[in-house]
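A short worksheet on the structure shown next.
Every read-out reported here was derived from the displayed coordinates using simple, explicitly stated rules and does not represent laboratory data. Note that the structure is a prediction, hence the values are computed from the model and not measured. Glycine gets a Cβ as well: all are built from the backbone with ideal geometry, and neighbour counts include every protein chain shown.
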Amino acid sequence: MPVPSIYAPRRTVVNSYLVRERDRRRVRELVWVVVALAPLALALLGYTWLRLEQVRVGYRIEQLERSLHRIEQSERQLRLEAAYLASPARVGVRAAAELGLAPPALAQLVFAEEAR
């Protein structure tokens with residue numbers, strides 16, 4: 001409970017006719033602070049954006065390198081398989097087994113000198 005003052009009687013203040021004015025000096029100071037801090041804020045935002053972009057591109061490069069490695073392994077495997085399938089010894093064995101082919105007899109050979 002407030003202690004009553006002996007010097008001033010306690011009265012309620014009627015503020016219905018009071019109007020608050022804007023302090024132009026304070027608004028001007030606020031504008032200067034915003035103008036002074038805006039370049040710093042923009043620089044920080046730009047740096048953050050560039051750093052995030054660098055991290056995103058790094059992840060993308062790593063993903064592409066993994067994909068390239070898988071493709072190179074697949075290519076290496078396919079080259080080995082193609083070399084195996086095209087080897088003359090294997091082709092000769094398959095020709096004899098599946099098609100019944102045999103090496104030509106000496107009478108079947110035609111030499112280039114005889115053909116002229």
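Shown in residue order for segment 55-71 are the 3J(HN,Hα) couplings computed by the Karplus curve 6.51 cos²θ - 1.76 cosθ + 1.60 at θ = phi - 60°: 5, 4, 5, x, 5, 5, 5, 4, 5, 5, 5, 5, 5, 4, 4, 4, 5 Hz (x for Gly and Pro). Computed per residue of the chain from DSSP H runs no shorter than four, each worth -39500 (n - 2.57), the mean residue ellipticity at 222 nm is -22000 deg cm²/dmol.
Remark: the ARG11-GLU65 segment gains 11.3 nm on full extension, using 0.36 nm per residue and subtracting the alpha carbon distance. Taking the Cα centre of segment 11-74 as reference, the dipole from Cβ charges on Lys and Arg (+1) and Asp and Glu (-1) amounts to some 560 debye.
A cut-off under 14 angstrom between Cβ atoms defines the neighbours of VAL35, and their net charge, with Lys, Arg +1 and Asp, Glu -1, is 0. Among ALA102, LEU45, LEU64, flag the residue with its Cα farthest along the positive direction of the charge dipole of the chain, charges on Cβ as +1 for Lys/Arg and -1 for Asp/Glu. The one lying farthest along the dipole's positive direction is LEU45. log10 I(q)/I(0), Debye, Cα-only segment 58-106, no solvent, q = 0.32 Å⁻¹? With no solvent term, the Cα-only Debye profile gives -1.04. So if I average 1/r over every pair of distinct C-alpha atoms in segment 37-82 and take the inverse, what Kirkwood radius in Å does that give? The answer is 13.4 Å. Placing +1 on the Cβ of every Lys and Arg and -1 on the Cβ of every Asp and Glu, with nothing else charged, gives the chain a dipole about its Cα centre of roughly 1540 debye.
Select one label from [x] 59, 36, 20; [y] 58, 38, 16; [z] 144, 41, 22: the one whose number is Cα extents along the principal axes in Å as derived from the coordinates shown. From the options [x] 59, 36, 20; [y] 58, 38, 16; [z] 144, 41, 22, the structure gives [z].
Add +1 for every Lys or Arg and -1 for every Asp or Glu among the other residues with Cβ under 14 Å from the Cβ of TYR84, and state the total. With Lys, Arg at +1 and Asp, Glu at -1, the net is +3.
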